Every structure is written in structure tokens, then in C-alpha cells.
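The values are calculated or read from the model by the stated rules, or taken from the named source; none is laboratory data. Treat the numbers as computed from the prediction; the structure is a model and nothing was measured. No Cβ is skipped: glycine too gets one built from the backbone with ideal geometry, and neighbour counts run over all protein chains shown. Please note that ligands, DNA and RNA were not included when accessible areas were found on the heavy atoms of the full protein model with its side chains. Shrake-Rupley method; radii C 1.70, N 1.55, O 1.52, S 1.80 Å.
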Amino acid sequence: MKIAVLVSGGVDSSVALRLLQEQGHDVTAFYLKIWLEDELAFMGICPWEEDLSYVHQVCAQAGVPLEIVSLQKEYWDHVVTYTIAEVKQGRTPNPDVLCNSRIKFGFFCAYLEREHTGRFDKIASGHYAQVHENNGIFTLCCAPDPIKDQTYFLSYLTQKQLSLLMFPIGHLTKEQVREHARAFDLPNKERKDSQGICFLGKISFREFIAYHCGEQPGNLVEYETGIVVGEHKGFWFYTIGQRQGIGLAGGPWYVVAKEPATNTVFISRSYYDANKDRRQLIVTSCNWITGQQPANRDLALKLRHGPAFHQAQATYRADGSVELILGNRDQGIAPGQFAAFYDGTTCLGSGIISVRQ
């Protein structure tokens, strides 16, 4: 097959590229230029120079052609503006979910259709996930490595998008990928994994928010008493359930709620008390990967990337939203987060948390 492989300069996508080449596929590497020029100028750094350097080295070693595609405007219009708007409303966005659905497997797919019509059979990336096909229906399934599994970030993909994709390392653990990298003697075989949000690289999310939203002093208010106990620099720096970064003695303190209209952050030292039983939520804007809402009401749920699942009872509402009651409470439920639905190891799709009851 002729395969377009998305490469980032990291170990995972590099191993994916070499595995496909080893299997006899005709591969072309594509690097998406999505970094933010203004942020880089402001910070005085270019953290992606190293990424692109590794991409060139990996492709040269393998003798694979490389094409650099600029999707900066699309990134700004469809991911960055969403992130800023959500933060300013006091919500908790996940730009990486939209990065995959709108950019990597959205606008990039459109680019291939426009500029390389009919040339490629599949698109591959270094994600830890698996695609299975049965009678023309494509499903997204978890990777065997529960820590690295990335189905949460891919849960907003459509059936059409999934039909085009393959994840060559999805059946491997991280250590197995490292072993392949050493066997291929890749230039980046010992390179550390990136930890930041996709479009920020080494720039922290707090720095990004400060650049776009600035700082504005506001009150830290004890939730139970209404007493002002401190000051913060803007509600947009906080998310529900946050413990770190509050900076007050006598804790631990947790963020309980935010009031954007008054720039108030409510905090509590008794966040885990029995009377604060956070286990109900409503999810809207749902994307079901097969195109069909599941009949099953007993679902597994991820509220964030990581190995932890919740068991939940689902009520499907006439407006397309889903009301969920968790088997165990979760103190980090926040409007704006994505909630991903699972049936066993199959990711059914996801939606956006609208209300926490």
C-alpha cells in the first residue's frame, strides 16, 4: 500500500514509519507545521527546531521522502480560538482532542485529497490505539499499554476518518516501541516523550493562557463560608479539582467552582467530604464513531487521558445528550472536558461535559 505517515520527530511516529517500510509499504512522511509564531516570538524560543531536525534525520536514514505541510491558519481558526474561548468562559477545554479530529485527520486528509488525489491508500500515525474492521464498520480499540493508550484523544473521530487510518504501533507497549527504535538504530531512539499540549511544545499551558488572557487579580473564596482567604491572578488559570498552584497555607485546598463574571475562584479544604458526592454529569455534542448511539446503558467512561475508567449508567435523552451516573465519584468533573465512552476495550466515541450535577 501507499501510505502517508505523519511524523513528529518523536520515537513513536518514527518507529511507525520504519515498521511500515519494513513491511514493504510505499511510505511518504509528512510533518505538519502547526506551531504558533506569536507565542514563539514572545518566548524568544523555537522548540520545534529540534523536532524538525529529528524528522529530517529519521527520513534521511530510511530514504523516505518528506513533505512539510503548513496548517497554522487552520490550527488557529479551529483549535486555538476554541481553547481561548473555552478558558475565558471558565470551562476546561482539551485542544488535543480537536487537534486529532479537526487538524491531523481533518484538514490534513483534505490536503491529501486536494494535492495528492488518489495517491495514498491510508494515513498512519504513531498513536497508541488500534483500528478494527468488521463488515465495513471500523472501530477504535484500546492499545495494550493502558498508560500510553490514546483512544481518549481520538474519540471524536468519525467513521469516515477512522476508515482511512492505521496505527502501526497500536498493538505494542512503550517498551516494545523503544526496543524497535534501538533495533532500527533511530537517531531519536533515546529521545524523551513530549508531555505538553500538541500545539505548544515546550511552552506551558499556563504561559499560553497568560499570553492570551493576561492577569487580573481576583478573590479566592472559601466555598463553605464565603470568606475571602486569598487572591489569585485570574480564574482562567484554574480548573475544577485543582490542588497545585493555589499557594495558601492550612490546606490542602482544592478548586471547587469558578465564577467568571466576578473573577472569583471558590476553594475548599473539605473537597472529599461525603456531602460533596460528584458522580452525575450531562454530556452534549456527542460523537458516536459508528454513527449509531449504543443501545447499552452500562458504559465505561474516561474523563481524562490515563488508565482510569469509571463505570456509568447512561440515559440517552431526546436532544442527543447523555445523562450519566458514575459508579464512583470523581472530584475533577469540569464543564468543557471531553468524556469518552467505552464498551470493554472499544471506544464508542465522546462528548463534551456540559453540566455537573
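Figures for the structure shown
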item: From the options GLY344, GLY320, GLY332, GLY336, residue that is loosely packed, with under 12 Cβ neighbours inside 10 Å and touching a residue at least 24 places away in the same chain (Cβ under 8 Å); result: GLY344
item: Boolean, LYS302 is open to solvent by less than 60 Å² (accessible area, probe 1.4 Å), at pLDDT below 90 and among the basic types (Lys, Arg); result: no
item: Which numbered condition ALA308 misses (of (1) under 20 Å from the mean Cα position of the chain (by Cα); (2) crowded, with 17+ Cβ neighbours inside 10 Å; (3) closer than 22 Å to TYR271 by Cβ); result: (2)
item: Qualifying residue in the stretch 158-172 (condition: open to solvent by 30 Å² or more (accessible area, probe 1.4 Å) and on the phi > 0 side of the Ramachandran plot); result: no
item: Residue within the stretch 90-105 that is open to solvent by 20 Å² or more (accessible area, probe 1.4 Å) and of a type in the set (Phe, Trp, Tyr) present; result: no
item: Condition met for VAL177 (touching a residue at least 12 places away in the same chain (Cβ under 8 Å), outside any loop (DSSP other than H, G, I, E, B) and surrounded by 20 or more Cβ atoms within 10 Å (Cβ to Cβ)); result: yes
item: Those residues of the stretch 56-67 which are open to solvent by 40 Å² or more (accessible area, probe 1.4 Å) and touching a helix residue (DSSP H, G or I) at 6+ places or on another chain (Cβ under 8 Å), in sequence order; result: PRO65, LEU66
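For every residue, the table says whether it meets (1) among the polar types (S, T, N, Q); (2) over 21 Å from the mean Cα position of the chain (by Cα).
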site: GLY118; (1), (2): no, yes
site: LYS122; (1), (2): no, yes
site: HIS127; (1), (2): no, no
site: GLN130; (1), (2): yes, no
site: ASN135; (1), (2): yes, yes
site: CYS141; (1), (2): no, no
site: ASP145; (1), (2): no, no
